[in-house]
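Some notes on the structure that comes next.
Just so it is clear, none of the values below were taken in a lab; they were calculated from the coordinates. Because the structure is predicted, anything quoted here is derived from the model rather than measured. Neighbour counts run over all protein chains shown; Cβ positions are idealised from the backbone, glycine included.
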Amino acid sequence: MKGVLICGGTGSRLRPLTDVTNKSLLPVYDKPLILYPLQVLLDAGIRDIAVITGKEHLDQMTHFLGSGERFGCSFAFKVQEKPGGIAQALGLAESFVDGSPVCAILGDNIFFDDLAPIIKNFKSGGHVFLKEVPDPERFGVANIDGSVAKGTFRVTSIEEKPPRPKSNFAVTGCYVYDKHCFEIIRTMKPSARGELEITDVSRAYMEAKSLAATVLQKEWIDAGTFESLFRATELVRNQRSASI
């Protein structure tokens, strides 16, 4: 399996901080944000990783991450010329992934659950990770029905930022797909926002009855705002203190 770290976007909600650096390089307690999703990939045994970023901060990203040697992995860097959606960013890694399954993870997401067993045992189709939240209208939202395996559910509907969500299950920023995701991306049309939506990729798997989901039990942070970035630091600090 190959990994894709998606660190594009303008980070507009974190300005002026993101005027000087990519939001994935902002600090969360004692290390840059990007190292938390990177660790998810490493824990799952993924060692070949493409990093997708905008051209504005490419030099900073490559300078910090380097070849990957110090993390025990290998990085390839791809430039997303302008924000065009998560699915567009993933599509840039098609030649890099080269027919393998792929785990794509957003560079501003922090997971406190251990995702490694699910990722390591992935066989085919698609798999997403859900978290029950009080404000699902801010996210992609999924409905689930019935267990297909212990702790794993079948997705029955999925929508991007619906004004009237059918559930409180937000789709978090980690997506595991087989090679067919790139076929789906190549045929997609931009949404009303002018982006290729990752929700539409997942929906295609759902319509083929091959999209599964795991519901997270611990905290999940989408650190794209000042409040969530601060909350992430609090949670990481508390977790470190509890382990001492």
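Assorted remarks:
- Cα centroid of segment 167-198 to Cα centroid of segment 60-131, whole Å: 14
- Segment 1-142: C-alpha gyration tensor shape, a/c 1.5 cut-off, then a/b vs b/c: rounded
- Extending 7 Å from Cα along the Cβ direction at residue 74 and again at residue 227 yields two label points whose distance is 4.4 nm.
- Length added when fully stretched, residue 82-residue 12, from 0.36 nm per residue minus Cα-Cα: 23.9 nm
- In segment 2-141, taking the dipole from charged Cβ atoms about the Cα centre, the farthest positive-side position among 54, 26, 109 is held by 54.
- Per residue, the average separation of C-alpha pairs within less than 8 Å and at least 6 apart gives segment 2-243 a relative contact order of 24 percent.
- When the P(r) of the chain is calculated, the portion above 32 Å amounts to 14% of the C-alpha pairs.
- Ranking 91, 4, 45 by Cα position along the charge dipole of segment 2-243, where only Lys, Arg, Asp and Glu carry charges on their C-beta atoms, puts 45 farthest toward the positive end.
- For the pair residue 123 and residue 209, label points projected 7 Å from Cα toward Cβ lie 1.6 nm apart.
- Peptides 62-72, 85-95 ordered by average Cβ neighbours within 10 Å, highest first: 85-95, 62-72
- Peptides 47-58, 14-25 ranked from most to least packed by the mean count of surrounding Cβ atoms within 10 Å: 47-58, 14-25.
- Taking a ≥ b ≥ c as the square roots of the Cα gyration tensor eigenvalues, segment 106-157 comes out oblate, since a/c reaches at least 1.5 and a/b does not exceed b/c.
- Helix-only arithmetic for the chain: the sum of -39500 (n - 2.57) across DSSP H runs with n ≥ 4, divided by the residue total, places the mean residue ellipticity at 222 nm at -7500 deg cm²/dmol.
- Its Cα centre serving as origin, segment 2-243 has a Cβ charge dipole (Lys and Arg +1, Asp and Glu -1) of approximately 200 debye.
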